[in-house]
Amino acid sequence: MIYFDNNATTPLDERVLDAMMPFLKTMYGNPSSVHLLGRIAQSAIETAREQIAALVDAPPTQIIFTSGGTEANNFALQCGASSTKIAIGATEHPSVLEAAKRAQSWEIIPVNTVGVIESDAIEQLIHSRPDIVSIMFANNETGTIQAIQDIASKLTPHGIRVHCDAVQALGKIPLSFSQLGVQWLSISSHKIYGPKGCGALIFDKSTPPHALIVGGGQEQDLRSGTENVAAIVGFGKAAELAKRELHERHNTMLALRTRLENELLKNAHVTLFSTHTQRLPNTVLFGLDHIDGEWVLLKLDQLGIAVSSGSACASGATEPSPVLLAMGVAPEKAQTAIRVSLSHHNTETEILKFVEIIHSFGN
């Protein structure tokens, strides 16, 4: 199979699996136990926390492990569960949108035609004064990157706290929590060749999140429950590898993306979305005129090629992508969208085979 759906999930790196195996087989102690096996497990968790901290440039003590990016997003936004005004970007992940709906009031921050939040919208936020603003670092469908550091620098002096969903940015572009100036940052393991079911919320020490789960005192008494040691170890190893190989991976994916886009544009019926802005190096969202994206996805699947017609969390949906609609794309055009999300493991041969098939659909 040709796998072009890495924004949905990445394959588990063999080196990550090797790091996890002892904690699935022989090092099975509960991290809260005081005996040797327990101490080994607890030490492994703290090592992973340090590995992740190094990748995102944050103090290890400000990292709380979660079950993934969705929980981390909910964890951050539950601070405003029923008595807070929340503003979120128009192209946010559903986990942010649904969490925001639980607030006392919430509003949408508009984006332009390439999915970027412009300065006028930020000025309006300063005027409307929400308690929390949530804006993703990089969009999972278009790859569009937001100027998070600049946005946070404008909002936080007015007492507006900022949450950033950095799940898609992690491991693809440099990411520094200490420089972004946000109060909360969400990340996930399975987007960087780590195991599923593990993520983290990074918080500023001046604004720790409210306790999400109580009863055991784990994770600084903010998220109680016996830790998933093997998954956390895997996340830590994946983070270590991502930091070490970031530059090489970025350049490889960018070269593949450039080749893919150049080949796609040879077809007059292809529309590329969000190309005239800063994007992730691995993400291409395009459409074929008058051809339904779901139909293309199914045909490609039959031919052994895995892509997405948008967000994996919205798979099975028959409505056009809300992300593209928020960008002002016509519904009939948005309905054609196909997302290709590359990995550094992909090859030019795969790109050329894919494009050949896509061009055949338009004939």
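What's the center-to-center distance, using Cα atoms, between the range 174-200 and the range 262-313 in Å? Here the two parts' Cα centres lie 26 Å apart. Between Leu325 and Leu254, the simple label model (points 7 Å from Cα in the Cβ direction) yields a spacing of 3.5 nm.
What full-extension length gain, to one decimal in nm, is calculated for Glu118 and Trp295 as 0.36 nm per residue of separation minus the Cα-Cα distance? Numbers along the way, then the final one.
On the way: separation 177, 0.36 × 177 = 63.72 nm, distance 3.43 nm.
Residue separation times 0.36 nm, minus the Cα-Cα distance, leaves 60.3 nm.
Only lysines eight or more places from Lys205 in sequence, or on another chain, were considered; those with a Cα closer than 23 Å are Lys85, Lys154.
What are the trypsin sites (Lys or Arg not before Pro) within the range 83-149 that DSSP puts in a loop, where the Cβ has at most 16 other Cβ atoms within 10 Å? Please list the in-between numbers first.
Details: sites: Lys85, Lys101, Arg102; in loops: Lys101, Arg102.
When the trypsin sites (Lys or Arg not before Pro) of the range 83-149 are filtered for loop state and at most 16 Cβ neighbours within 10 Å, Lys101, Arg102 remain.
When the chymotrypsin sites (Phe, Trp or Tyr not before Pro) in the range 85-194 are filtered for DSSP coil states and for at most 16 other beta-carbon atoms within 10 Å of their beta-carbon, no site remains. A simple spin-label model places pseudo-atoms 7 Å from Cα toward Cβ; at Lys196 and His345 they are separated by 1.5 nm. Taking the range 321-348 and a reference point 7 angstrom along Cα→Cβ of Ile108, the backbone N atoms nearer than 17 Å belong to 321-335.
Do you know the relative contact order of the range 65-126, to the nearest whole percent, from alpha carbon pairs under 8 angstrom that are 6+ apart? Write out the running numbers ahead of the final one.
Numbers: 69 pairs, mean separation 18.4, N = 62.
Result for the range 65-126 is 30 percent.
Straight Cα distances below 24 angstrom link Lys25 to the lysines Lys196, Lys237, with same-chain residues fewer than 8 positions distant left out. With θ taken as phi - 60° and the Karplus curve 6.51 cos²θ - 1.76 cosθ + 1.60 applied, the whole-hertz 3J(HN,Hα) list for the range 341-351 is 10, 8, 10, 5, 7, 6, 10, 5, 4, 5, 4 Hz, x standing for glycine and proline.
Note on surface exposure: Glu319, Glu227 rank Glu319, Glu227 by accessible area, highest first, 1.4 Å probe. Full extension of the chain between Ser43 and Phe361 gives 109.1 nm of extra length, using 0.36 nm per residue less the Cα-Cα distance.
Determine the calculated [θ] at 222 nm for the chain from helices alone, applying -39500 (n - 2.57) to every DSSP H run no shorter than 4 residues and normalising by the residue count; nearest 500 deg cm²/dmol. Intermediate results must be reported in sequence, preceding the final value.
Working: 13 runs with 144 residues, N = 363.
Helix-only estimate at 222 nm: -12000 deg cm²/dmol.
The distance between label points at Ala54 and Tyr28 comes to 3.0 nm (points 7 Å beyond Cα on the Cα→Cβ vector).
Can you order the peptides 49-57, 7-15 by their average number of other Cβ atoms within 10 Å per residue, highest first?
Working: 49-57: 20.8, 7-15: 17.1.
Output ranking for 49-57, 7-15: 49-57, 7-15.
Comparing Pro281, Pro157, Pro320, which has the greatest mean-square fluctuation in the GNM of the chain with Cα pairs linked when under 10 Å apart? Between Pro281, Pro157, Pro320, it is Pro157 that shows the largest mean-square fluctuation. Packing-based ranking of 108-117, 243-252 yields 108-117, 243-252, ordered from highest to lowest mean Cβ neighbour count within 10 Å. Dipole of the chain computed with +1 at Lys/Arg Cβ and -1 at Asp/Glu Cβ about the Cα centre; of Leu185, Ala326, Ala99, farthest Cα towards the positive end is Leu185. Amide hydrogen proximity for Asn7: with H placed 1.01 Å from N in the peptide plane, the residues at 5 or more positions away or on another chain lying under 5 Å are Ser341.
Would you mind getting the accessible area per residue of the chain, heavy atoms of the protein chains only, 1.4 Å probe, in Å²? Can you show the working numbers first?
On the way: 15150 Å² over 363 residues.
Normalised by residue count, the accessible surface of the chain is 42 Å².
Descending by average beta-carbon neighbour count within 10 Å, the peptides 260-269, 340-349 line up as 340-349, 260-269, the highest first. Distances between placed amide hydrogens fall under 5 Å for Val162 paired with Val133, Gln183, Trp184, all partners being 5 or more residues away or on another chain.
Once a ≥ b ≥ c are taken as the square roots of the eigenvalues of the Cα gyration tensor of the range 72-183, is the result rounded (a/c under 1.5), prolate (a/b larger than b/c) or oblate (a/b not larger than b/c)? It is rounded, given that a/c, with a ≥ b ≥ c, falls under 1.5. Computed from phi, the 3J(HN,Hα) profile of the range 172-183 under the Karplus parametrisation 6.51, -1.76, 1.60 (θ = phi - 60°) reads 10, 9, x, 9, 10, 4, 5, 9, 5, x, 8, 8 Hz, with x in place of Gly and Pro. Backbone amide hydrogens, once placed in the peptide plane, bring Ala337 within less than 5 Å of Gly293, excluding anything fewer than 5 places away on its chain. Straight-line reach from Lys266: taking Cα to Cα under 13 Å and skipping same-chain neighbours fewer than 8 places apart, the aspartates and glutamates in range are Glu356. One decimal place: the segment Ala268-His210 gains 15.6 nm when fully extended, by the rule 0.36 nm per residue minus the C-alpha distance.
Using only the Cα atoms of the chain, build the gyration tensor, take square roots of its eigenvalues as a ≥ b ≥ c, and label the shape rounded, prolate or oblate: rounded if a/c is under 1.5, else prolate if a/b is larger than b/c, else oblate.
Values: a/c = 2.05, a/b = 1.26, b/c = 1.63.
Note, shape of the chain comes out oblate.
The values are calculated or read from the model by the stated rules, or taken from the named source; none is laboratory data. Predicted model only: the values in this text are computed from it and were never measured. We place every Cβ from the backbone using ideal geometry, glycine too, and count neighbours over all the protein chains shown. Just the protein is used for accessible areas: all its heavy atoms, side chains included, with ligands, DNA and RNA removed. Shrake-Rupley method; radii C 1.70, N 1.55, O 1.52, S 1.80 Å.
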